[in-house]
Amino acid sequence: LAIGAEASFVARTVDSDRKHLTEVLRAAHQHPGTALVEIYQNCNIFNDGAFEVLKDKQQAQESVIRLEHGRPIRFGMDGAKGVVRDPATGDLEVVEVTARNEDRILVHDARSASPTTAFALSRLADPQTLHHTPIGVFRDVERPVYDTTMADQLDAAIEQNGKGDLAAVLAGSDTWSR
């Protein structure tokens, strides 16, 4: 949803991978503006074991796709699998990497102005098995931030009109007219 709404920072991580979780939260903290981080976290009551395939080291190697800006999107044993764009449909798909298709492997660009690829990556995981689940920063783009823009507008108004005097406004003449 956040990527579809063109949020400027969207990421996903797993609670049990401390190093990755720390890296993602650090990146979110450094991002100017709002950051959304989805954290896959076990709940003993409602979803006990739901993310085991992403936490078990052996299964995770074949299931988790780690997104790193500027790097080819490869995963699996020795990077044997990769993500390519289907030239006919534009959809993303997971393939076995071969000499013939190695040049088609997508290079992750978290800073792309268009959210299209980030959205497609977010939809890559199988919802039933969680195979091919991307984790990492999907999107990290710079845009004007609301509070900075508002502060700049206030500074410009003060520069143009002077600081103003609240007491004078409150004690001034009646401003209502019929």
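The values are calculated or read from the model by the stated rules, or taken from the named source; none is laboratory data. Everything quoted here is computed from the prediction, not taken from an experiment. Note that each Cβ is placed from the backbone with ideal geometry, even for glycine, and that neighbours are counted across all protein chains shown. Keep in mind that these areas ignore ligands, DNA and RNA; they rest on the heavy atoms of the full protein, side chains included. Shrake-Rupley method; radii C 1.70, N 1.55, O 1.52, S 1.80 Å.
Points worth noting:
- Yes/no for GLY33 being open to solvent by less than 50 Å² (accessible area, probe 1.4 Å), of a type outside the set (A, V, I, L, M, F, W, C), assigned to a loop (DSSP other than H, G, I, E, B) and in contact (Cβ under 8 Å) with a residue 60 or more places away in the chain: yes
- Matching residues in segment 135-157 - criterion: being over 30 Å from THR116 (Cα atoms), of a type outside the set (Asp, Glu) and open to solvent by 80 Å² or more (accessible area, probe 1.4 Å): GLN153, LEU154
- Enumerated helices (runs of 4 or more DSSP H) restricted to segment 87-178, each holding at least 2 residues that are touching a strand residue (DSSP E or B) at 6+ places or on another chain (Cβ under 6 Å): 116-122
- Residue under evaluation ASP48, criteria (1) loosely packed, with under 12 Cβ neighbours inside 10 Å; (2) in contact with a strand residue (DSSP E or B) (Cβ under 9 Å, 6 or more places away or on another chain); (3) not hydrophobic (A, V, I, L, M, F, W, C), criterion not met: (2)
- Among the residues of segment 96-139, just one is within 23 Å of ALA7 (Cα to Cα), more than 15 Å from the chain's Cα centre (by Cα) and β-branched (Val, Ile, Thr), namely VAL107.
- Tally of residues being open to solvent by less than 70 Å² (accessible area, probe 1.4 Å), assigned to a helix (DSSP H, G or I) and either of a type outside the set (A, V, I, L, M) or free of Cβ contacts under 8 Å to residues at least 60 places away in the same chain (or both) across segment 3-27: 3
- The residue list ALA125, ALA167 contains one member that is among the hydrophobic types (A, V, I, L, M, F, W, C), open to solvent by less than 100 Å² (accessible area, probe 1.4 Å) and farther than 25 Å from LYS57 by Cα, which is ALA167.
- Extreme residue, most open to solvent (accessible area, probe 1.4 Å), among residues of segment 93-122 that are over 22 Å from LEU54 (Cα atoms) and in contact with a Pro (Cβ under 6 Å, 6 or more places away or on another chain): VAL107
- Restricting attention to segment 140-178 and to residues that are over 23 Å from the mean Cα position of the chain (by Cα) and among the charged types (D, E, K, R), the residue that is farthest from THR22 (Cα to Cα) turns out to be ARG178.
- Contact map, segment 69-81: first residue in contact (Cβ under 8 Å) with a residue 12 or more places away in the chain and part of a helix (DSSP H, G or I), second residue surrounded by 12 or more Cβ atoms within 10 Å (Cβ to Cβ) and polar (S, T, N, Q), Cβ cut-off under 9 Å, separation 6 or more or different chains; pairs are MET77/GLN61.
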